[in-house]
1. Label points 7 Å out from Cα along the Cβ direction at L124 and A41: separation in nm?
2. If each DSSP helix of 4+ residues adds -39,500 (n - 2.57) and the sum is divided by the residues in the chain, what number results at 222 nm, nearest 500 deg cm²/dmol?
3. Could you give me the radius of gyration and the Dmax of segment 31-107, taking only the C-alpha atoms into account and expressing both in angstrom?
4. From the phi of every residue in segment 68-80, what ³J(HN,Hα) in whole Hz does the Karplus formula 6.51 cos²θ - 1.76 cosθ + 1.60 yield, where θ is phi - 60° and glycine or proline is x?
5. Nearest 10 degrees, 0 to 90: what angle lies between the long axis of helix 103-124 and the longest principal axis of the chain (Cα atoms)?
6. Just need the relative contact order of the chain here, percent rounded to a whole number, with Cα pairs under 8 Å and 6+ apart.
7. Which one of T96, S40, G66 has its Cα pushed farthest toward the positive end of the charge dipole of the chain, where Lys and Arg give +1 and Asp and Glu give -1 at the Cβ?
8. For the chain, with all protein chains present and a 1.4 Å probe, just round the carbon and sulfur fraction of the accessible area to a whole percent.
Amino acid sequence: MLYSGQSALGPLLADSAGYTVATLLLLLACKGLAYCASLSAFRGGPIFPAMFLGAAGGIALSHLPGLQLTFAFAMGIGAMSVAMLRLPLTSVLLATLLLGAQGLTVMPLVIVAVVVAYVVTLRLSPAPAGGPEAGAPKEPAPA
C-alpha cells in the first residue's frame with residue numbers, strides 16, 4: 001500500500017473518461033477494504049491512499065450534471081484528506097497544489113468541501129473518554 005495512491009493518481013485522472021460510475025464504485029470498495037487492512041496491520045501511510053480514494057470518489061461524482069471533472073477530483077482529494085488527517089489547511093493545500101495552474105480556480109470549491117468534510121468528521125467521531133462531556137469535572141481531593 002505504500003505510495004500506491006501517489007503512483008496511481010496520474011493514470012486515474014488521465015483515463016477517467018473510460019471509467020463508468022459502477023467501475024469507480026467497485027474501485028472505491030476494493031481499495032477501501034485494502035486500505036482498512038493496510039492500516040490495521042501492514043506498513044504504509046494514510047495520506048496517499050486516502051487521496052486516491054477521494055480522487056476516485058470525486059471522479060465518480062463528476063458524472064453528476066454540472067460538476068466538472070477537475071473540480072470533483074480536487075474536492076474529493078481535499079475532503080478525504082481532511083477526514084483522514086484532520087488538518088483542514090493542509091488538505092486544501094494538498095488538493096490545490098496537486099493540480100498546479102488549475103489549483104487556484106478550484107480552491108473555493110475545495111475549501112467548501114474540506115470544511116464540510118471536517119465538520120462531519122468531527123461530528124461523527126466519538127467524544128474522548130473522561131472529558132468534560134463524560135460528566136462533571138472532577139474536583140481535587142481535599143488535602
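1. Taking the simple label geometry, L124 and A41 are separated by 2.5 nm.
2. -22500 deg cm²/dmol, from helical runs alone.
3. Cα radius of gyration and Dmax of segment 31-107 are 12.8, 41 Å respectively.
4. For segment 68-80, the Karplus curve yields 6, 4, 5, 5, 5, 4, 5, 5, x, 5, x, 5, 6 Hz.
5. 40 degrees
6. 19 percent
7. S40
8. 71 percent
The values are calculated or read from the model by the stated rules, or taken from the named source; none is laboratory data. These figures come from a predicted structure and were not determined experimentally. Reconstructed Cβ throughout: ideal geometry from the backbone, glycine too, with neighbour counts over all protein chains shown. Keep in mind that these areas ignore ligands, DNA and RNA; they rest on the heavy atoms of the full protein, side chains included. Shrake-Rupley method; radii C 1.70, N 1.55, O 1.52, S 1.80 Å.
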